[in-house]
Amino acid sequence: MRKLFPLTQEGRHRDRVLEAVKHEIRKYLKRERRRELPEGVDFLDFDCRVGAAKETAEVVHLSAVMSHLDAVAREGGEQAYVEILAKPGVRRPRADADRDHPAQSTDASDDPAPDAERSAA
């Protein structure tokens, strides 16, 4: 989706127009997530850009699209450019540094004897 949304319409309150734009974006995301994933793909990832114009749009995370859209409207922009492109996402295994948690450590003892001795005493 690459679209330039007008944020003002004659006869409609500016806030309602903004809510309609957000609704259209959410509807697009929902439709894209329903699509069948290609083989070897774990999830859909999205590349997003939001700004007052195509030239000034900045790269944002999907979770920040709505807040950036609000910022454009708050600044008094007459239009907002939104670009959301779906791309395949593949999960990567965690790094060894993430596995150093004490509960997952291989050198930790699994012997429950120390706790059993305390309760018996």
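The values are calculated or read from the model by the stated rules, or taken from the named source; none is laboratory data. It should be emphasised that the depicted structure is a prediction, and the values quoted were computed from it without experimental measurement. Heads up, the Cβs are rebuilt from the backbone with ideal geometry, glycines too, and the neighbour counts pull from every protein chain shown.
Remarks
- For the range 24-47, taking the residues that are basic (Lys, Arg), surrounded by 10 or more Cβ atoms within 10 Å (Cβ to Cβ) and modelled with pLDDT of 95 or more, the one that is nearest to Met66 (Cα to Cα) is identified as Arg26.
- So Asp111, is it under 22 Å from Glu24 (Cα atoms) and at pLDDT below 95: no
- Of the residues making up the range 33-47, just one is of a type in the set (Asp, Glu), under 11 Å from Val90 (Cβ atoms) and not in a loop (DSSP other than H, G, I, E, B), namely Asp45.
- Positions within the range 4-23 being farther than 16 Å from Glu75 by Cα and either surrounded by 14 or more Cβ atoms within 10 Å (Cβ to Cβ) or among the small types (Gly, Ala, Ser) (or both), in sequence order: Gly11, Ala20, Val21, Lys22
- Among the candidates Val90, Val65, Val41, residue that is within 15 Å of Lys3 (Cβ to Cβ) and touching a residue at least 24 places away in the same chain (Cβ under 8 Å): Val65
- Condition check for Val50: β-branched (Val, Ile, Thr), part of a helix (DSSP H, G or I) and within 26 Å of Gly89 (Cβ to Cβ): no
- Residues in the range 71-89 that are part of a strand (DSSP E or B), among the charged types (D, E, K, R) and either surrounded by 15 or more Cβ atoms within 10 Å (Cβ to Cβ) or at pLDDT 95 or above (or both): Glu83 only.
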